[in-house]
Amino acid sequence: MALAVQVKIRRLFAAGVLALIMLCGCSGKEKKNFEAGKALLNEGKYAEAVDAFDKAIDAHGSNNIRGLEIDILRYRAEAEYRAKDYKAAEHSYKLLTSADENRSEYLDMLSIIYTKLSNTDMDINIDNAIDMYEKAAKQDDKSELHINAGITIVQYYEDMYDKKLDNTYLDSAEEFLEKLLKETDRKNAKVLAVYAKHMSKREDYDKALEAVDEGIALLEKKKLNKSDDETLKSLMFSRGSCYEYKSDYNKALEAFNAYIEKYGEDDSVSHEEAFLKARIR
């Protein structure tokens, strides 16, 4: 009897060891594919990254969205978005919101995705994007992603205006920009840069220049990252353009020269410089 018990114990122990080996193998496969997916994402190989993240999720083997699987889903959603597979990205972010429905990151990304899908998906329009943006705004997290979500909506309206030449789209863009300015208390240079371009399009160059000056003043007070530098570049170009449209050619040339001194020449600014020099003569 004692021998039978010992045999049973050994069998149970062997089965436990086998199960542990299988579990560790699964975990190792999961992490291996996860790390491979992140590397592919960094290399810009978005479709391949999605495949790797899918394999990691399959290896996870859980029906519940928890633990490491949430991280994998977040990376997969980003890869799908960067691959411009917006429907797939929408699905992934919806899964993520089922785990945390109030996380602003997921809501803002859904807002951006819905904006991208507007006019291409019969079930989605710009109102869906705005609803998601406003839900994210209630979380009181004014991150750069949230600002980008708002700017994406503004750009949608301006693109629609360019296509249809319907001023109601410009009105909607301006209304949403005013909302962004209020939310950021006019303390976000990127919003001010977009507002400056918008007011220039509406031929209100004084308001555009006011926004340019505010934006540049904000950036002068901080150490610039890549995004800040792109914003400053936009603001400096807008300054020259506004003065040119106001027929103040000397100030316009001065502004474009400052732009060239900082960022070098490109086709657009070289054209403006040549035009202005001809006018001043």
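The values are calculated or read from the model by the stated rules, or taken from the named source; none is laboratory data. Just so it is clear, the structure is predicted and the values come from calculations on it, not from any experiment. Cβ: placed from backbone, ideal geometry, glycine included. Neighbour counts: every protein chain shown.
Points worth noting:
- Residue ranges of helices (runs of 4 or more DSSP H) in the range 67-166 with at least 3 members of a type in the set (V, I, T) and not assigned by TED's automatic domain parsing to the domain that holds D51: 104-117, 144-164
- Single unsatisfied condition, F176 versus (1) touching a residue at least 12 places away in the same chain (Cβ under 8 Å); (2) closer than 27 Å to S247 by Cα; (3) of a type outside the set (G, A, S): (2)
- Evaluation of E214 against the conditions (1) without any contact (Cβ under 8 Å) to a residue 40 or more places away in the chain; (2) in contact with an Asp or Glu (Cβ under 9 Å, 6 or more places away or on another chain); (3) not basic (K, R) shows that the sole unmet condition is (2).
- Enumeration of residues in the range 91-130 that are loosely packed, with under 14 Cβ neighbours inside 10 Å and within 14 Å of F176 (Cβ to Cβ): D127
- Residues satisfying the stated conditions in the range 177-196, i.e. crowded, with 20+ Cβ neighbours inside 10 Å and part of a helix (DSSP H, G or I): L177, L180, A189, K190, V191, L192, A193, V194, Y195, A196
- Residues that are exposed (fewer than 13 other Cβ atoms within 10 Å of the Cβ) and of a type in the set (A, V, I, L, M, F, W, C) within the range 217-250 comprise just one, A217.
- A88 fulfils the conditions (1) surrounded by 15 or more Cβ atoms within 10 Å (Cβ to Cβ); (2) hydrophobic (A, V, I, L, M, F, W, C); (3) over 28 Å from E158 (Cβ atoms) except for a single criterion, (3).
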